[in-house]
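Coordinate-derived values only; no laboratory data. Quick caveat, the model's predicted, so the values are computed rather than measured. Don't worry about glycine lacking a Cβ; one is built from the backbone with ideal geometry, like all the others, and counts go over all protein chains shown.
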Amino acid sequence: MTKFSDLALDPRVLQAVADTGYETPTPIQAQAIPYALQGRDVLGIAQTGTGKTASFSLPMITLLGQGRARARMPRSLVLCPTRELAAQVAENFDTYAKYTKLTKALLIGGVAFGEQDKLIDRGVDVLIATPGRLLDHFERGKLLLTGVQIMVVDEADRMLDMGFIPDIERIFSLTPFTRQTFFFSATMAPEIERITNTFLSNPAKIEVARQNSTSDTIEQALIQITPSRKDRSFADKRAVLRALIRQEGEACTNAIIFCNRKMDVDVVAKSLKSHGFNAAPIHGDLDQSQRMKTLDGFRDGSLHLLVASDVAARGLDIPAVSHVFNFDVPSHPEDYVHRIGRTGRAGRKGKAYTIATPFDEKYLTNIENLVKQPIPRGTLPEGFTLPEPGPKREDSRGPKGKGGKPDRREDRKPTRDREVAEVAPVQAVVEAPKREERKEDRRDDRRSPEQGHVHHHGTGGHSHHHRDEPRSDRRDGDRRDYRNRNDRDDRVVGMGDHVPDFILRSFKLPDPTPEEPELEAPEVQTADAE
């Protein structure tokens, strides 16, 4: 049987490996390390949990033992799809390179640029980064990739799922053609095969397990339920999840619960905590410090249940995970392989439960076609029955139309009719007397030639009122006259007794009457008349 001491690794690396307690390499390590030490490109395909990280980190540390990094020019580059995986690779590097003088820098989002810039400026031997943050530093002129001797792409299929392939292609173009490349993935999609054919030179292809297979150390079970109502599906699945966790009892030392959506991660974690479980969420919308704190708590055992999105499905090495629960059936069949691969690692036994409803039939078919075997069917915990549905709550927003928005068309017309029926009588009582009063007021306000006269100029409606009495006196008189009218209800709705004077006055001039003929415009004398 091959041992690490047989792989021609640097003695300092072998000492660090011995400190971890490992003596025998995994199949992917035993086959990939010799090719890597020979300077060849390596294409490694192995299911998750088989030790791919050590397959490239151990030979990389050995190859970088000679030489020195220059400022802003790292000697090697490791690309990871998620921050958590990048941080884990950095931890492994610290473990295996502790007896060497190699330096590293971790470039991930959620961390200030300043500290990362300082590390790059001093020069690093190993640069571990996510594609987005790496390109951010490059665009800012803080980083050069022309000195990269070894380049590693870890979890390449996850890179494809997250849309990083264009970034990967650009990063490849920024590195020297003479670099040595390690390419590791659990699955081999056609797009990834195209990239390997483009950027790898005569790689040594290592496939230690059947592609897209699940580990034999994992006991799988599919729990199928039929919700009493469609709107009860989410609540019924939560009840089944709690029953499964209680059924496992002490055998469930810790577990990862996977949801498809970030918002469901928060809801499930909150529900578990409200029922007395020690649970916490982790997904991409949380701050990086909070995500790392949650992971550290799960690793040291202070956190029992980790409710996660697929951000935690790839590459996280937590050896002692006893159970995995798929609260949602993954929409991408490859994610099923990676999710359940969080348990049963390094030869340990593990259990993986998947909760499914009739609506998940299409996804289950895709998963079983991928892994080339049916998922064993399980049963609900003994004595457990789905809770009886209560009366269906009426949606106070009314029936929904297209687009899921409330449709208020049925409510609009009756409401408008009621408003008309309620307001119209009031307006009829209030407005009709005011129109009569306005005509009387206009007649009363007309002035005789001795009191004043009105000039009309043209058709624009502009008029000048010349009266002997002051305007303010007339307003005061009208206001007093209005306040003394107690025999009719003249009030304007909504304004009480304090009504501005201009509201009660008409600005339209009266039509000419026989008593007050319209004045003719003065004749304009012309030169001919003179």
* Structure fact -> The exposure ranking of D94, D266, fewest beta-carbon neighbours within 10 Å first, is D94, D266
* Asked: So, by mean Cβ neighbours within 10 angstrom, what's the order for 16-22, 318-324 with the highest one leading?
  -> 318-324, 16-22
* To do: Please report, in debye to the nearest 20, how large the charge dipole of the stretch 218-386 is about its Cα centre when each Lys and Arg carries +1 at its beta carbon and each Asp and Glu carries -1 there.
  => 140
* Note down the nm distance, to one decimal, between modelled labels 7 Å out along Cα→Cβ at S213 and at T178. => 4.0
* S233 to E115: FRET efficiency via 1/(1 + (r/R0)^6), r the Cβ-Cβ distance, R0 45 Å, to the nearest 0.05? -> 0.45
* Asked: Does the stretch 218-386 come out rounded, prolate or oblate, given a ≥ b ≥ c as the square roots of the eigenvalues of its C-alpha gyration tensor, rounded meaning a/c under 1.5 and, failing that, prolate meaning a/b above b/c?
  -> rounded
* Given the peptides 138-146, 28-36, arrange them by the average over their residues of other C-beta atoms within 10 Å, most packed first. => 28-36, 138-146
* Asked: Expressed in nm to one decimal, what extension gain is obtained for the pair N369 and M73 from 0.36 nm per residue of sequence separation less their Cα-Cα distance?
  -> 102.0 nm
* Spin-label point model (7 Å from Cα, Cβ direction): what's the K349 to A18 distance in nm? -> 3.4
* Cross-link table K104/K142; K52/K101; K142/K293, entries beyond 19 Å C-alpha to C-alpha -> K52/K101; K142/K293
* Asked: If we count other beta carbons within 10 Å of each Cβ, what is the order of H338, H332, fewest first?
  -> H332, H338
* Structure fact -> Quick calc: nm separation of the 7 Å Cα→Cβ label points for R261 and D296 -> 3.3
* Asked: How do the peptides 148-158, 172-182 rank, highest first, by the average count of neighbouring beta carbon atoms within 10 Å per residue?
  -> 148-158, 172-182
